[in-house]
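Heads up, the thing below is written out as structure tokens.
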């Protein structure tokens, strides 16, 4: 039997733990570096951006030797959950990334530093997303442009499909639809049978045609917009309108009737499933945004390209989204935070994001480096930008959106699995989402 530790041992251990706790608290709240510099921390969720941010912040520190900037990378899968907890507990970083969907709750609760401006050199679409009640609450950092269609040129060639055809594809509930037939030609089971032909085994597919899925930014918001529908009206959920119903029925049919896209059992809980299938050469068409461009360029081992996304009943209507950096009002170094934010919103500081093609800078004068990078790689990024010349569907957001979005997910998961009546599911999802959003906004 072990002897109990002496009181002096316990006391010493307690002092050690208290000292460690105080040191951690000091680092979190005061954030003073060992070298006496003021330490400003920046939280984000994209590792490629974290790398280029480090280069940018090193350049900043050369002209601001009393300030050291450190990045804190948090996985996107739990980014906003941990951010909410840390902001409430007073331990969030000095600066943190926010998306439009989560802006209002932080702005309305006094958690964000007001931004002077807006700067006329910032992308107006991103600036608008982060402006609430006439006040800009975060510094624009990057824009995703629009949605386009990555294609595997080798798989298209094997199926006898000219990539030029992709720019003419049309989805429709009527006889003018051309997308479904093409996707059937591009979907193949393990025995070589094409989708829709005799002997095709939908449970034994080796090559998918397309990535229809419960994915708002890449897929269903664009279909809703292209059908003439809306997802929200103002800050109210409104996705049970007839046009949105048409879009959801079409997408659910691609998955569960035509079997030209992976089953929702694979994609509902794995947002990277379709991208990984595409990169593995097991999917012919992959609809996504510029946020997937670097991964495709790095990991694809086949010939590939980018085409326009399909035309809908009301044309091509894309969503676009931006990311901005918000200053934490709980920071112990507000002046230093403002200096870092000013750098992040400058052409020089923001240009680092585009130099290696990692993201499209939200500072307009910093964007040429992004285009030059991809041009040098022989990649035509025009489809992501050409689609923005047409109508757009707004990225969802508003006070209570996060709670509402969480409430609707179980219903959307079931719908994309092909279970239940789609119209009834949308109505139920809308009721639950709006109730959750209202409750969250009133707290």
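The values are calculated or read from the model by the stated rules, or taken from the named source; none is laboratory data. Please read all numbers here as calculations on a predicted model, not as lab measurements. Here Cβ is always computed from backbone atoms with ideal geometry, including for glycine, and neighbour counts include all displayed protein chains.
Just a few scattered comments:
- Against the numbered list (1) in contact with a strand residue (DSSP E or B) (Cβ under 9 Å, 6 or more places away or on another chain); (2) surrounded by fewer than 17 Cβ atoms within 10 Å (Cβ to Cβ); (3) more than 22 Å from residue 291 (Cα to Cα), residue 406 comes up short only at (1).
- Within the stretch 85-94, being surrounded by fewer than 19 Cβ atoms within 10 Å (Cβ to Cβ) and in contact (Cβ under 8 Å) with a residue 12 or more places away in the chain holds for 90, 91.
- Filtered by the rule that a residue be within 30 Å of residue 122 (Cβ to Cβ) and assigned to a loop (DSSP other than H, G, I, E, B), the stretch 142-182 gives 144, 145, 146, 147.
- The set of residues from the stretch 332-365 being part of a loop (DSSP other than H, G, I, E, B) and on the phi < 0 side of the Ramachandran plot comprises 332, 333, 345, 346, 351, 356, 358, 359, 362.
- Identity of the residue in the stretch 158-181, closer than 17 Å to residue 282 by Cβ and touching a residue at least 24 places away in the same chain (Cβ under 8 Å), that ends up surrounded by the most Cβ atoms within 10 Å (Cβ to Cβ): 161
- Scan of the stretch 42-69 for residues that are in contact with a strand residue (DSSP E or B) (Cβ under 7 Å, 6 or more places away or on another chain) and within 14 Å of residue 343 (Cα to Cα), ordered by number: 42, 53, 54, 57, 60, 61, 67, 68, 69
- Residues of the stretch 204-244 that turn out to be more than 22 Å from residue 282 (Cβ to Cβ), outside any helix (DSSP H, G or I) and either free of Cβ contacts under 8 Å to residues at least 12 places away in the same chain or touching a strand residue (DSSP E or B) at 6+ places or on another chain (Cβ under 6 Å) (or both), as a count: 3
- If you go through the stretch 74-97 and keep only what is closer than 20 Å to residue 345 by Cα, touching a helix residue (DSSP H, G or I) at 6+ places or on another chain (Cβ under 7 Å) and outside any loop (DSSP other than H, G, I, E, B), you end up with 95, 96.
- Residues satisfying the stated conditions in the stretch 431-443, i.e. under 13 Å from residue 232 (Cα atoms) and surrounded by 20 or more Cβ atoms within 10 Å (Cβ to Cβ): 433, 437
- Output for the stretch 125-141, where each listed residue is touching a strand residue (DSSP E or B) at 6+ places or on another chain (Cβ under 7 Å) and either part of a strand (DSSP E or B) or buried (at least 24 other Cβ atoms within 10 Å of the Cβ) (or both): 126, 129, 130, 136, 138, 139, 140, 141
- Residue 160 passes every criterion in (1) on the phi > 0 side of the Ramachandran plot; (2) in the same structural domain as residue 339 (by TED's automatic domain parsing) apart from (2).
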